[in-house]
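Visitor: Structure in structure tokens, see below.
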Amino acid sequence: MTYRPRASPLNVTRAAVACCWCLALALAALMLSNPVDLGAVTVAILGAGMAAGVGRELRRAALLALPLAAVIMLVNALVTRNGLTVIVRLGDLPILGQTDITLEATAYGAILGLRAAALILCGALYTAAIDPDQVLRLFRRVSFRSALTATIATRMIPILVRDAARLADAQRCRPGAPPSRFALMRAASAGVLDRALDVAAALEVRGYGAARRPPPMSAPWSRHDLAFAASAVGLLVLAVIARIGGLVPFQAYPLLHSPAGVPELVLAAAILACALLPFADRRGIAR
């Protein structure tokens, strides 16, 4: 999953605002527990991905997120002894002992799984829709060396993957037993370290270390910057109000209590509107 420039409001938003907006979505997923509102955050992330033109990337991330969510739900249902509503009695199992699966543990595991899926999708949206070069420019204001170090590190990761794939293909062409993954990783890592030393030597020859800190960027804020900044603030305010004010109480133990009335639906609609409204303005974006 890599970034590609696309014609979308999120793509033309400055990196600092776009990062704060993605962070607001992630914090909302962490702070909300009611399934209606947590589902609204997940739908908002998916809708934002479609509006930003990275729907295919989010679908790939969902292939990882959904099985992980199912595993989290299953593990919580098996290991948690809380809850009064028993739905399955598995008896005395090895290691686990007396195991009774309760509705409350299963529901809470589903909430944890949905939260993990939302965070994975939010990370995928950040990776695919925000320019990493602009993000690195944010760090160079603090430390010029940290930005270049992060750039080199991110460039070495794809090289490591390609080298490992080529070594595996070459080993499969040879007779005998295939090599272990540890051997392939050791050989690929050695190659990447050698290339990193070559890059460091080239930077030293070109005078790296004598460079001065670049001047700060003073580009004016666009309408898209303001829209996504307001959206990020609105998402945080909604999540904090719901968390502190107790507008959408959710209780898993000892009895499941998950209301889905008017306050929950209103908050879910507000989250969706707040997250997706910045994508409605496409003025000044090349198609």
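Visitor: Short version: what are the Cα gyration tensor semi-axes of region 1-113, square root of 5 times each eigenvalue, largest first, in whole Å? Write down the numbers at each step before the final one.
Guide: Details: eigenvalues 283, 43, 22 Å².
The three semi-axes for region 1-113 are 38, 15, 10 Å.
Visitor: Sorted by average packing, counted as other Cβ atoms within 10 angstrom per residue and highest first, what order do 96-103, 40-47, 6-13 take?
Guide: Averaged packing, sorted descending, gives the order 40-47, 6-13, 96-103.
Visitor: Would you pull out the residues with amide H under 5 Å of I87's amide H, same chain only if 5 or more places away, H placed 1.01 Å from N?
Guide: Counting only residues 5 or more places away or on other chains, the set is I101, T102, L103.
Visitor: Rounded to whole Hz and in sequence order, give me ³J(HN,Hα) for region 74-91 from the Karplus expression 6.51 cos²θ - 1.76 cosθ + 1.60, θ = phi - 60°, writing x for Gly and Pro.
Guide: 3J(HN,Hα) across region 74-91, in whole Hz: 5, 5, 5, 5, 7, 9, 8, 9, 7, x, 10, 9, 7, 10, 9, 10, 9, x.
Visitor: About the Cα centre, and with charges only on the beta carbon of Lys, Arg (+1) and Asp, Glu (-1), how big is the dipole of region 67-140? Nearest 20 debye, please.
Guide: The dipole magnitude comes to about 160 debye.
Visitor: At what distance in nm do the modelled label points of N82 and M50 sit from each other, each positioned 7 Å from its Cα along Cα→Cβ?
Guide: 3.5 nm
Visitor: Could you list W221, W21 so that the one with the fewest beta carbons within 10 Å of its beta carbon is first and the one with the most is last? Mind dumping the intermediate values first?
Guide: On the way: W221 11, W21 26.
Ordered by Cβ neighbours within 10 Å, fewest first: W221, W21.
Visitor: Ordered by residue, what ³J(HN,Hα) values in Hz, to whole numbers, does region 16-27 give under the Karplus form 6.51 cos²θ - 1.76 cosθ + 1.60, where θ = phi - 60° and Gly and Pro are x?
Guide: For region 16-27, the Karplus-derived couplings read 4, 5, 4, 5, 5, 5, 5, 5, 5, 5, 5, 5 Hz, x marking Gly and Pro.
Visitor: ³J(HN,Hα) across region 36-51 via Karplus (A = 6.51, B = -1.76, C = 1.60, θ = phi - 60°), whole Hz, x for Gly/Pro?
Guide: Per residue, the Karplus-derived 3J(HN,Hα) values read 5, 7, 5, x, 5, 5, 5, 5, 4, 5, 5, x, 5, x, 5, 5 Hz.
Visitor: So if we plug the beta-carbon distance of A187 and L96 into 1/(1 + (r/R0)^6) with R0 = 35 Å, what FRET efficiency do we get, rounded to 0.05? Please list the in-between numbers first.
Guide: On the way: r = 41 Å, r/R0 = 1.16.
That pair, A187 with L96, gives E of 0.30.
Visitor: A follow-up question, please. With a 10 Å radius around each residue's Cβ, average the other Cβ atoms per peptide and rank 267-275, 122-130, 66-74, highest first.
Guide: Ranked from most to least packed, the peptides come out as 122-130, 267-275, 66-74.
Visitor: If you put +1 on each Lys and Arg Cβ and -1 on each Asp and Glu Cβ, how big is the dipole of region 1-86 around its Cα centre, in Debye rounded to 20?
Guide: 300 debye
Visitor: Run the quick spin-label model on R162 and A7: label points 7 Å from Cα toward the beta carbon, then report their separation in nm to one decimal.
Guide: 3.0 nm
Visitor: How high is the FRET efficiency between Q251 and R172 when r is their beta carbon distance and R₀ equals 41 Å, given to the nearest 0.05?
Guide: Taking R0 as 41 Å, the efficiency between Q251 and R172 is 0.15.
Every number here is computed from the coordinates shown, using simple stated rules; none is lab data. Values in this document were obtained by computation on a predicted structure and should not be read as measured data. Glycine also receives a Cβ, built like all others from the backbone with ideal geometry; neighbour counts cover every protein chain displayed.
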